[in-house]
Structures are given as C-alpha cells and as structure tokens.
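**Q** Have a look at this one.
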Amino acid sequence: MKKAFVIIDYQNDFISGSLGFQKALLIEENIRDLLKTLNFKTTDLLITFDTHSKEYLQSKEGKMLPIKHCVKETWGWQMPDAFKEFIPRARKIFYKNSFGSLEFANFIAENSYEEIHFCGLVSHICVFHNILLAFNANLNAKLILHQKATASFDENLQNAAFELLKAFGVEIW
C-alpha cells in the first residue's frame, strides 16, 4: 500500500514565534512519536513550509493577517531542532506562500497514494486547506488527520474544521 505522511507548517513562528500558541508546543512530541514509527520504505514523508518574503505585509494575506511570520531563511521559518533529523528523509518539501499548495495537490495527484496521514499547524487553516486539496487531487485515497498531532489557537474553529473534514470522509484519529 502506497502511503504518505504529511507535516503541515510545523515551524517555529507558529510554535513559539510571532504567531506561536501553547497548544502548538504541546503537540511536538506527538508528531515526533508518529515520525519515529514511520516505515520510510513504504511511506513517503512530505513536508510543507509556510514561506513568505520580507514584503509579506504588502500581500493580500499580509493585509488580512498583519503579523510578519515564516520569512524564508529566518529562525521562525525553520522547523524546531528536534525535527532536523527527519527533514533529509522527506521525499518532497513544499514551500508555499498561501494556506494551501497547488504544487502539493499536483504531487498527490501524480503519486496515487492509497492512504495519506496529516498533522501540523494550524488545524483549521493550512492543515484544513491541504487536506481538501489532497481530497480533490486523489478521490480514492484514505485521508487521516491525527488530532493529537495538530492544533489551533481557536478550539471552536478547530472543532468546526474537524466536523467538516469528517463530512468529507476524512478520518480523525
């Protein structure tokens, strides 16, 4: 069975940087535990990085969310040090400048995964968007969101996103 494990935007700025929140820090060990159990021979590790330029605040998203974050090559853009051993094991890394990544969706469409697991940040924003992209890119894949390995700064929005994902057939583990 061809599988993928996707880490969405687990980056310093979302954990303890400019957009950091306590629940983001609390899921670190859960994500690492999942990574430690991966069989890299049968499961492709895919990673997304929210990636912005110094001109972020002039962008449409920057005007809606006027907090500079995940500027490429800064500390906030990087994953925590505890994840550095896994980055070289990724089959593909996606540097995205929006909530979802069309490059990611196209990659999912081309690779015919039977099962795709998701974790990361922020559950009701970028995680949600990329799961929907994967859903549309590969209608037959089993999609699984690891709820103890994702977080939001707004529990109500997270719960609403989970309910919508369930309605689309995404399994919440």
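**Q** Report yes if Ala24 is small (Gly, Ala, Ser), under 15 Å from Val122 (Cα atoms) and touching a residue at least 24 places away in the same chain (Cβ under 8 Å), otherwise no.
**A** Judged against the criteria, Ala24 is a match.
**Q** So for the range 119-135 (the condition being farther than 23 Å from Gln158 by Cα, in contact with a helix residue (DSSP H, G or I) (Cβ under 6 Å, 6 or more places away or on another chain), open to solvent by 30 Å² or more (accessible area, probe 1.4 Å) and in contact (Cβ under 8 Å) with a residue 24 or more places away in the chain), does at least one residue qualify?
**A** No, the range 119-135 contains no residue that is farther than 23 Å from Gln158 by Cα, in contact with a helix residue (DSSP H, G or I) (Cβ under 6 Å, 6 or more places away or on another chain), open to solvent by 30 Å² or more (accessible area, probe 1.4 Å) and in contact (Cβ under 8 Å) with a residue 24 or more places away in the chain.
**Q** For the range 1-16, which residues satisfy the criterion of being touching a residue at least 24 places away in the same chain (Cβ under 8 Å) and more than 15 Å from Phe49 (Cα to Cα)?
**A** Met1, Lys2, Lys3, Ala4
**Q** Let me ask something else. Can you spot a residue in the range 80-102 that is assigned to a loop (DSSP other than H, G, I, E, B), among the basic types (Lys, Arg), closer than 19 Å to Leu19 by Cα and over 12 Å from the mean Cα position of the chain (by Cα)?
**A** Scanning the range 80-102 turns up no residue that is assigned to a loop (DSSP other than H, G, I, E, B), among the basic types (Lys, Arg), closer than 19 Å to Leu19 by Cα and over 12 Å from the mean Cα position of the chain (by Cα).
**Q** Please verify whether the range 44-53 includes one or more residues that are without any contact (Cβ under 8 Å) to a residue 60 or more places away in the chain and in contact with a helix residue (DSSP H, G or I) (Cβ under 6 Å, 6 or more places away or on another chain).
**A** Checked against the condition, which is being without any contact (Cβ under 8 Å) to a residue 60 or more places away in the chain and in contact with a helix residue (DSSP H, G or I) (Cβ under 6 Å, 6 or more places away or on another chain), the range 44-53 yields at least one hit.
**Q** Which numbered condition in (1) in a loop (DSSP other than H, G, I, E, B); (2) in contact with a Ser or Thr (Cβ under 7 Å, 6 or more places away or on another chain) is the only one that Tyr10 fails?
**A** (2)
**Q** With respect to the numbered conditions (1) part of a loop (DSSP other than H, G, I, E, B); (2) free of Cβ contacts under 8 Å to residues at least 24 places away in the same chain; (3) in contact with a His (Cβ under 9 Å, 6 or more places away or on another chain); (4) not charged (D, E, K, R), which one is the sole condition not fulfilled by Pro66?
**A** Just one mismatch for Pro66, condition (3).
**Q** Failed condition for Ile116, given (1) at pLDDT 95 or above; (2) more than 14 Å from the chain's Cα centre (by Cα), with all others met?
**A** Every listed condition holds for Ile116 apart from (2).
**Q** Can you tell me which residue in the range 22-50 is farthest from Ala109 (Cα to Cα), limited to those that are buried (at least 19 other Cβ atoms within 10 Å of the Cβ) and of a type in the set (Val, Ile, Thr)?
**A** Result: Ile27.
**Q** If you don't mind, there's one more thing I want to ask. From the set of residues in the range 133-173 that are part of a strand (DSSP E or B) and aliphatic (A, V, I, L, M), which is farthest from Glu115 (Cα to Cα)?
**A** If we take residues in the range 133-173 being part of a strand (DSSP E or B) and aliphatic (A, V, I, L, M), then Ala151 is farthest from Glu115 (Cα to Cα).
**Q** From the residues in the range 51-63 that are touching a strand residue (DSSP E or B) at 6+ places or on another chain (Cβ under 9 Å) and not in a helix (DSSP H, G or I), which one is surrounded by the fewest Cβ atoms within 10 Å (Cβ to Cβ)?
**A** Here the residue is Lys54.
The values are calculated or read from the model by the stated rules, or taken from the named source; none is laboratory data. Bear in mind that the values here come from a model prediction, so they are computed numbers and not experimental data. All Cβ positions, even for glycine, are placed from backbone atoms using ideal geometry, and neighbour counts span all protein chains on display. Quick note on the areas: whole protein, heavy atoms, side chains included, nothing else; ligands and nucleic acids left out. Shrake-Rupley method; radii C 1.70, N 1.55, O 1.52, S 1.80 Å.
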